[in-house]
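What follows is one structure encoded as structure tokens, with my remarks underneath.
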Amino acid sequence: MGLRDIGDGPGAIMADLPWTEAANRIRAGHPVVLPIGAAAKAHGPHLPLGTDAITVEALGRRLAETLPVLVAPTVGFGFYPAFVEYPASQHIPARQFEDLLVTLMRGLIDHGVSRLLMMNGGVSTEAPVTVASHTIYAETGVRPAMAHLRLFGRSADAVLDDASGGHADERETSLMLALRPDLVDLTKAHPAPADPPTAKGTPSSARISQPIRLANGRPPGPGEQSSEGATGNPTLATAAKGAAILDATMVDLTTEIRRVFADAPGMPGENG
């Protein structure tokens, strides 16, 4: 099933509709989901550049099959500074990315959208997405919701053999095996060097963070991408693990959308 084939679901893919039908759904108050996922960003030698976009579009399609939402076209370009040294990876500065999001959201709001969800598939994009959301709220009174996908579906991490990594790792590779196995080449997947162990007595969630960027040909430092543009151990990935992660992510997303947009027309109850 392709992105645009959602059958008889209660939602719709915006790009498939005539503008008049999209306008009817907006006028009726259907929440608009704005997927954010890199159209071209290095994911090691074993995954396609479009991994993030493929993932958020698949989730958008599933949401439209399940809930009365209108899924906007994916924002495929964004703030991905850690990948500028990998050929074909696309990146725009944070301020330009914020301006792009604000412009897109303002346009939707001008057309009558009052319920808006940014479904963000990146990590470096989280801060600009948050800033853009605050800007829109201050300027328009519409309070955008944000779903940072790295926080969703974590209950399925139990199926992983190695939960470390975070990029093109076992988790993300499993997702792609479930979604687009034809684009995955596990013969080119390699375990990345392990992160340094957490200091004794320091909770793993209490970590000082620093920006990452590969620049001027220097090798990656601790916590940055490997030379192949991946972390963790993607060789452990399976399609079954990916399916479990997708299911858990959808449970979290639909639960939260029902909660945040409980008053939207046709929205089933949180326990419905």
Computed label-point distance, nm, for sites Thr130 and Arg95 using a 7 Å Cα→Cβ extension: 2.1 nm
Quickly work out the Ala15-to-Thr103 label distance, labels modelled 7 Å from Cα along the C-beta direction, and quote it in nm with one decimal. 1.8 nm
Points 7 angstrom from Cα along the Cβ direction at Tyr137 and Ala163: gap in nanometres? 2.9 nm
In nm, what is the difference between 0.36 nm times the number of residues separating Thr255 and Met146 and their Cα-Cα distance? 37.9 nm
Taking the C-alpha atoms of region 84-178, convex hull volume expressed per residue in Å³: 137 Å³
Sort Tyr137, Tyr86, Tyr80 by Cβ crowding within 10 Å, fewest neighbours at the top. Tyr137, Tyr86, Tyr80
Residues in region 42-57, backbone N under 11 Å from the label point at Ala88 (7 Å along the Cα-to-beta-carbon vector): list them, ranges by number please. 42-51
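Here, each number is a calculation from the coordinates, and none is a lab measurement. Note that the structure is predicted; figures quoted are calculated from it, not measured. Backbone-built Cβ (ideal geometry, glycine too); neighbour counts: all protein chains shown.
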